[in-house]
Amino acid sequence: MVKRKSLEVIYEPIKKPKDPSVPDEAWRKMRDVIETTFLLKCPGDFFTFYEFCCKISPDEPLKALRDELDIELVGPFELLSRDWIPDASEDFSCCYRYFHDPPEFVTVFAAPSGFYHVGYFRDDANDLPSFMASSDSSVDGRFEILGCDIFSVVAKLLNRRKGAKRARILTEMQKFAVERSFRIDLKSTVKRDTVCPTLNSVGLRINLHNGIGYRPVPLSNSELVNLLQKIVQSTDAKTKVPHQAKLDELVTLVQFANDEGDFGEGLELGLDLLAFHPKGENLQSASCFNSTISLLLSTGYQLAGRPQFAEVINRHMKNRCIEPTSLKTNS
């Protein structure tokens, strides 16, 4: 079997698109609008990647990856494709927010059919993204960490594909990267300093002060999943009550932890409930935990100094759909 060659070129992100049709002021306004409407601080390569997509697919840049990867540019990228700048007071934070997506995640690529999506992840809305990850909410609530920059992530996804479809865009990316003095690194790994693992496979990252800020949920992940599975599978109140009582006890322990400064326990439990994917049951059955998720995470994010995420999770849980809201249906 012939081994496919990996793409390795020098990579240095440029600060903004060099498209002369996009004046500096308009670019700055769009960057600010994306930050306020999606709560996303765009890294420099975000705009550069859109420039690349305009180059290889000038008529439909949002569909530049559709043939090769069966994904389209969505969310913040859709704002770049418009001829007008939306009002900064708009709220797009729940656009393309899939069933298991935590507030830390913002989707920028999505399959035109199905629930596979790729996006940026940041631990705080005021920070630049830490990495990019992918998930398929029809399969489970886990996220696969793909890499730190968008060019390397797309190249990595392309290298997973077979056949000639991937060759054209890889070649174009290589040329573009050389022109822009980029390095696409397919071997880099994302190192995260987390206080605990979570069911979504990303982990929880918060600041501790003299060891205060986190205590573990007193159930293992497998024990918690089994408990939640019993709740959604309960066919009547009589069988559900004892299992629900155990979950209520965990929520009470979180309230005690919050009072003592260990808000991380509530964040861990809330994120685990959000990532829970019922087996053998309709996905919507997990919506019975929405109010608990909203309580745990909104309180935890407020105590962690991340109020924007508290607002996002409350909005998401009020309208937690299997089919996410698009920018078109939101506007």
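Restricting segment 107-119 to residues that are buried (at least 18 other Cβ atoms within 10 Å of the Cβ) and not aliphatic (A, V, I, L, M), the residue that is farthest from ASP193 (Cα to Cα) is PHE115. Screening the candidates GLU72, GLU104 for the property of being surrounded by fewer than 23 Cβ atoms within 10 Å (Cβ to Cβ), of a type in the set (D, E, K, R) and in the same structural domain as VAL153 (by TED's automatic domain parsing) yields one hit, GLU72. Across segment 120-148, which residue is surrounded by the fewest Cβ atoms within 10 Å (Cβ to Cβ) among those that are of a type in the set (A, V, I, L, M) and in a strand (DSSP E or B)? So the residue we want is ILE145.
Take GLU281 and decide whether it is assigned to a loop (DSSP other than H, G, I, E, B) and either closer than 21 Å to ASP123 by Cβ or not assigned by TED's automatic domain parsing to the domain that holds SER135 (or both).
Numbers: assigned to a loop (DSSP other than H, G, I, E, B): yes; either closer than 21 Å to ASP123 by Cβ or not assigned by TED's automatic domain parsing to the domain that holds SER135 (or both): yes.
Answer is yes for this residue.
Residues in segment 154-190 that are assigned to a loop (DSSP other than H, G, I, E, B), in contact (Cβ under 8 Å) with a residue 12 or more places away in the chain and aliphatic (A, V, I, L, M) were compared, and the one that is farthest from GLY270 (Cα to Cα) is ILE184. Which pairs have Cβ atoms under 8 Å, sit 6 or more apart or on different chains, and link a residue in segment 226-253 that is closer than 16 Å to ALA286 by Cα to one that is of a type in the set (D, E, K, R) and in a helix (DSSP H, G or I)? Cβ pairs passing all conditions: LEU227/LYS246; ILE231/LYS240; SER234/LYS240; HIS243/LYS230. Restricting MET30, MET1 to residues that are surrounded by fewer than 20 Cβ atoms within 10 Å (Cβ to Cβ), at pLDDT below 90, assigned to a helix (DSSP H, G or I) and among the hydrophobic types (A, V, I, L, M, F, W, C) narrows the list to MET30.
Against the test of being of a type in the set (Val, Ile, Thr), buried (at least 18 other Cβ atoms within 10 Å of the Cβ) and within 16 Å of VAL195 (Cβ to Cβ), the options VAL232, VAL217, VAL225 yield a single qualifying residue, VAL217. Do the conditions hold for PRO58, that is, is it free of Cβ contacts under 8 Å to residues at least 24 places away in the same chain and not assigned by TED's automatic domain parsing to the domain that holds LEU267? When the stated conditions are applied, PRO58 passes them. Within the set ARG215, ARG192, ARG161, ARG205, the sole residue that is in the same structural domain as LEU65 (by TED's automatic domain parsing) and of a type outside the set (Val, Ile, Thr) turns out to be ARG161.
Listed residues THR235, THR198, THR239; which is of a type in the set (Val, Ile, Thr) and assigned to a helix (DSSP H, G or I)? I'd like the intermediate steps shown before the answer.
Numbers: THR235 fails: assigned to a helix (DSSP H, G or I); THR198 fails: assigned to a helix (DSSP H, G or I).
Selected residue: THR239, the only one of THR235, THR198, THR239 that is of a type in the set (Val, Ile, Thr) and assigned to a helix (DSSP H, G or I).
Kindly evaluate PHE151 against the criterion of being in a helix (DSSP H, G or I), within 18 Å of ALA133 (Cβ to Cβ) and either among the charged types (D, E, K, R) or in contact with a Phe, Trp or Tyr (Cβ under 9 Å, 6 or more places away or on another chain) (or both). I'd like the intermediate steps shown before the answer.
Working: in a helix (DSSP H, G or I): yes; within 18 Å of ALA133 (Cβ to Cβ): yes; either among the charged types (D, E, K, R) or in contact with a Phe, Trp or Tyr (Cβ under 9 Å, 6 or more places away or on another chain) (or both): yes.
Taking the combined requirement at face value, the residue satisfies it.
Applying the set (1) buried (at least 16 other Cβ atoms within 10 Å of the Cβ); (2) at pLDDT 85 or above; (3) over 28 Å from GLY261 (Cβ atoms) to THR239 leaves exactly one unmet item: (1).
Screening VAL312 on (1) part of a helix (DSSP H, G or I); (2) touching a helix residue (DSSP H, G or I) at 6+ places or on another chain (Cβ under 8 Å) shows it passes everything except condition (2).
Is it the case, given these coordinates, that MET173 is in contact with a strand residue (DSSP E or B) (Cβ under 8 Å, 6 or more places away or on another chain), at pLDDT 85 or above and among the aliphatic types (A, V, I, L, M)? So MET173 does not fit the description; no.
The values are calculated or read from the model by the stated rules, or taken from the named source; none is laboratory data. Note that the structure is predicted; figures quoted are calculated from it, not measured. Every residue, glycine as well, gets a Cβ built from its backbone with ideal geometry; the counts of neighbours run over all protein chains shown.
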